[in-house]
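Below you'll find the structure, written out as structure tokens, and then a few comments.
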Amino acid sequence: MILLDGKKLANKIQEKIKEDVELLKKGSITPGLAVILIGDDPASRVYVKKKAEACKEVGVYSVVHEMPENIKEETILNTIKLMNENENINGILVQLPLPKHINQTKILEAIDPKKDVDGFHPFNMGRLCLDLDSFVPCTPLGVMEIFKEYQIDLKGKDVCIVGASNIVGKPMAALLINAFATVDICHIYTKDLKEHTKRADIVIVGVGKAGLITEDMVKDGAIVIDIGINRLDNGKLAGDVDFDNIAPKCSYITPVPGGVGPMTIAMLLSNTIKATKL
Ligand code: GUN
């Protein structure tokens, strides 16, 4: 079994980004990222803090616009408009989930697609489906970078994605189809999850349910990518996969923490540099 070390790869990518930023700064350009954080969701706060710290480490300017849970949609839209027009801001990110009274589609569509470093705008999602250059959502892009680093060939592989979210499962499926994998997407209404995961050469799980994937659900030699991040009652972090029991039978597996999580942040920085160079 080989551990897919996302933390090590993310550090390597961030070192390269640091050099890119230094070069841009020599040309008097400082990449800038604006983050909009709404409400008090503790997980969102942690993610935004990590994103801002990562920006600082590589020399990217970042600003976090914090807004209360009961904020008006119009106020968020106005902030996005200002960021769209601000020449010092190259990337804009609205941390999800949003409060229930806010129309998420309207908010995401308000972001200039050229500054859409999360790749959630329908323009970028559409281009991704068509295999055209676009901003690609950071988590699935990070998974693709892991495959590249470990020279895992995707052509013709049977991949089972568990979780069909707009921010992970669907863009992950598009990337894998573009790489000529055979993709099977499972979700909450899938009748027999095990029947799907058991057949797969590669199982990718991003649901947010600790212990969802057990040892009997993956075949010998499978590659397992765990995108879940769950806080257990004992305070420890765990993915969606029963790591201890599954790892011995895998050819490759990502740990949690230290797998896909750090790659998501590295890809956000990478997308911000891409937006700056546009
Ligand atoms: N919430 C969970 N993951 C993400 C992400 O990648 N980007 C944003 N903006 N919100 C999220």
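From (1) more than 13 Å from the ligand (Cβ to nearest atom); (2) among the hydrophobic types (A, V, I, L, M, F, W, C); (3) crowded, with 18+ Cβ neighbours inside 10 Å, pick out the condition that doesn't hold for I29.
(3) is the only condition that I29 fails.
Looking at D41, D5, which one is on the phi < 0 side of the Ramachandran plot, at pLDDT below 95 and buried (at least 16 other Cβ atoms within 10 Å of the Cβ)? Let's see the steps before the verdict.
Values: D5 fails: at pLDDT below 95.
Being on the phi < 0 side of the Ramachandran plot, at pLDDT below 95 and buried (at least 16 other Cβ atoms within 10 Å of the Cβ) holds for just one of D41, D5, which is D41.
In the stretch 44-58, what count of residues is obtained for those that are surrounded by fewer than 20 Cβ atoms within 10 Å (Cβ to Cβ) and among the aliphatic types (A, V, I, L, M)?
Residues in the stretch 44-58 being surrounded by fewer than 20 Cβ atoms within 10 Å (Cβ to Cβ) and among the aliphatic types (A, V, I, L, M): 3 in total.
Take the residues of the stretch 84-137 that are β-branched (V, I, T) and within 19 Å of the chain's Cα centre (by Cα): which is farthest from the ligand (Cβ to nearest atom)?
Quick first cut of the stretch 84-137, residues β-branched (V, I, T) only: 89, 92, 94, 102, 105, 107, 111, 117, 136.
With the extra rule that they be within 19 Å of the chain's Cα centre (by Cα), the set shrinks to 92, 94, 105, 107, 111, 117, 136.
Numbers: I92: 10, V94: 6, T105: 14, I107: 10, I111: 10, V117: 9, V136: 11 Å.
It comes out as T105.
Any residue that is part of a helix (DSSP H, G or I), within 15 Å of the ligand (Cβ to nearest atom) and among the acidic types (D, E) - is there at least one of those in the stretch 140-157?
In the first step, residues of the stretch 140-157 are kept if they are part of a helix (DSSP H, G or I); the result is 140-149.
Next cut, within 15 Å of the ligand (Cβ to nearest atom) only: 140-145.
Add one more test, that the residue is among the acidic types (D, E), and what stays is 145.
Yes: one or more hits.
Is it fair to say L37 is in contact (Cβ under 8 Å) with a residue 60 or more places away in the chain and more than 22 Å from V143 (Cα to Cα)?
no
The rows are residues; the columns are (1) part of a loop (DSSP other than H, G, I, E, B); (2) in contact (Cβ under 8 Å) with a residue 40 or more places away in the chain; (3) touching a Lys or Arg at 6+ places or on another chain (Cβ under 7 Å); (4) surrounded by 14 or more Cβ atoms within 10 Å (Cβ to Cβ).
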{"residue": "F180", "(1), (2), (3), (4)": "yes, no, yes, no"}
{"residue": "Y189", "(1), (2), (3), (4)": "yes, no, no, no"}
{"residue": "V224", "(1), (2), (3), (4)": "no, no, no, yes"}
{"residue": "N271", "(1), (2), (3), (4)": "no, yes, no, yes"}
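So G163 ticks every box in (1) surrounded by 19 or more Cβ atoms within 10 Å (Cβ to Cβ); (2) touching a Ser or Thr at 6+ places or on another chain (Cβ under 6 Å) but one. Which box is left unticked?
All conditions pass for G163, except number (2).
Go through (1) farther than 17 Å from I253 by Cβ; (2) modelled with pLDDT of 95 or more; (3) surrounded by fewer than 21 Cβ atoms within 10 Å (Cβ to Cβ); (4) not hydroxyl-bearing (S, T, Y) one by one and return the number of the condition D233 breaks.
It fails just one condition, (2).
Identify the residue in the stretch 235-265 that is of a type in the set (S, T, N, Q) and within 17 Å of the chain's Cα centre (by Cα) and, among all such residues, is farthest from I152 (Cα to Cα).
Let us first name the residues in the stretch 235-265 that are of a type in the set (S, T, N, Q), namely 245, 251, 254, 264.
Retained after the next criterion (residues that are within 17 Å of the chain's Cα centre (by Cα)): 254, 264.
Values: T254: 13, T264: 19 Å.
Selected residue: T264.
Among the residues of the stretch 167-215, how many are of a type in the set (A, V, I, L, M), more than 15 Å from the ligand (Cβ to nearest atom) and farther than 25 Å from N245 by Cβ?
7
Have a look at S62, S28 and point out the one that is polar (S, T, N, Q) and closer than 14 Å to I265 by Cβ.
On the way: S28 fails: closer than 14 Å to I265 by Cβ.
Among S62, S28, only S62 is polar (S, T, N, Q) and closer than 14 Å to I265 by Cβ.
Kindly indicate which of S134, S165 is among the hydroxyl-bearing types (S, T, Y), modelled with pLDDT of 95 or more and farther than 23 Å from M217 by Cβ.
Numbers: S165 fails: farther than 23 Å from M217 by Cβ.
Unique residue meeting the criteria: S134.
The values are calculated or read from the model by the stated rules, or taken from the named source; none is laboratory data. No experiment lies behind these values; they were computed from the predicted model shown. Ideal geometry is used to build each Cβ from the backbone, glycine not excepted, and the neighbour counts take in all protein chains shown.
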